[in-house]
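Structure record follows, encoded as structure tokens.
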Amino acid sequence: MAGSGCGELLRTIASLLRYPGDDFPEIARSAFGMDELVDSFLERALGMDLVDLQRAYVDSFDMSEGTSPYVTYHVHGDDPARGRALLAFAEAYRRRGVGRDPVELPDHLPEVLLLLAAVDCTGEDYVLSTTLAAAERIERGLRDMGSPYADLLSALVRALRDERLGGSGR
């Protein structure tokens, strides 16, 4: 997956990690067949009605620090080093000319995935390694709570690991 495959999968995962709205079934249908773990998530998610999926999203990402979607929190907690990490992430967006949702912090997982997708996972080793560490922690927490989002995070972890291994010589 190193190189060209990284961007499409990360964009898809980013879209599925947003709060599910009325357009979720359409987004989900367009993502089928990309990855077996993504498909596993989609099958489970599409088997739920929208209100239950929204509740699962809130329970998964908004109600537990251990599964929050803020990448640098998982690496630095509330330590002042997190502020420096947030600045490094913001600088990566600026340096690469990638826009982001100004409402979200620069380490909001879907936004970070869009940054990595825009640069095809190249040249942003700090962002990639920090995101991988956070995604591993989030995935474990989601798996422990039985969240339908666990398989989606497993797909992300695998993709980032593959990219990290495949991209080490770039």
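The values are calculated or read from the model by the stated rules, or taken from the named source; none is laboratory data. Everything quoted here is computed from the prediction, not taken from an experiment. Here the Cβ positions follow ideal geometry from the backbone for every residue, glycine too, while neighbour counts run over all protein chains shown. The accessibility values were calculated without ligands, DNA or RNA, using every heavy atom of the protein model including side chains. Shrake-Rupley method; radii C 1.70, N 1.55, O 1.52, S 1.80 Å.
How much length is gained on full extension from residue 26 to residue 126, taking 0.36 nm per residue of separation minus their Cα-Cα distance?
Working: separation 100, 0.36 × 100 = 36.00 nm, distance 3.35 nm.
Gain on stretching residue 26 to residue 126: 32.7 nm.
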request  = Would you compute the Debye intensity of the chain from its alpha-carbon atoms alone, equal scatterers and no solvent, and pass along log10 I(q)/I(0) at q = 0.17 Å⁻¹ to two decimals?
outcome  = -1.04
remark   = By the C-alpha gyration tensor axes a ≥ b ≥ c (rounded if a/c is under 1.5, else prolate when a/b exceeds b/c, else oblate), the shape of the stretch 12-60 is prolate
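Could you order peptides 19-27, 155-163, 59-67 by the average number of other Cβ atoms within 10 Å of their residues, highest first? Before the final figure, lay out each step's value.
Working: 19-27: 12.9, 155-163: 21.4, 59-67: 16.1.
Answer by packing, highest mean first, reads 155-163, 59-67, 19-27.
Taking each pair of different alpha-carbon atoms in the stretch 66-126 once, compute 1/r for the pair, average those values, and report the inverse of that mean as the Kirkwood hydrodynamic radius in Å to one decimal.
Details: mean 1/r = 0.0850 Å⁻¹.
With all distinct Cα pairs of the stretch 66-126 included, I get 11.8 Å.
Ranked highest first by average number of other Cβ atoms within 10 Å, how do 94-105, 129-140 line up? Working shown, then result.
Numbers: 94-105: 12.3, 129-140: 20.7.
Per-residue mean Cβ counts within 10 Å order the peptides as 129-140, 94-105.
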Solvent-accessible heavy-atom area per residue, rounded to whole Å², over the chain at 1.4 Å = 47
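Calculated FRET efficiency, residue 144 and residue 98, Cβ-Cβ r, R0 30 Å, to nearest 0.05?
Working: r = 33 Å, r/R0 = 1.09.
According to the calculation, E is roughly 0.35.
Roughly to the nearest percent, how much of the accessible area of the chain is carbon and sulfur, given a 1.4 Å probe?
Values: 4000 of 8020 Å².
Answer for the chain is 50 percent, counting heavy atoms of protein chains only.
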remark   = Under the 7 Å Cα-to-Cβ spin-label approximation, residue 90 and residue 158 lie apart by a distance in nanometres of 3.7
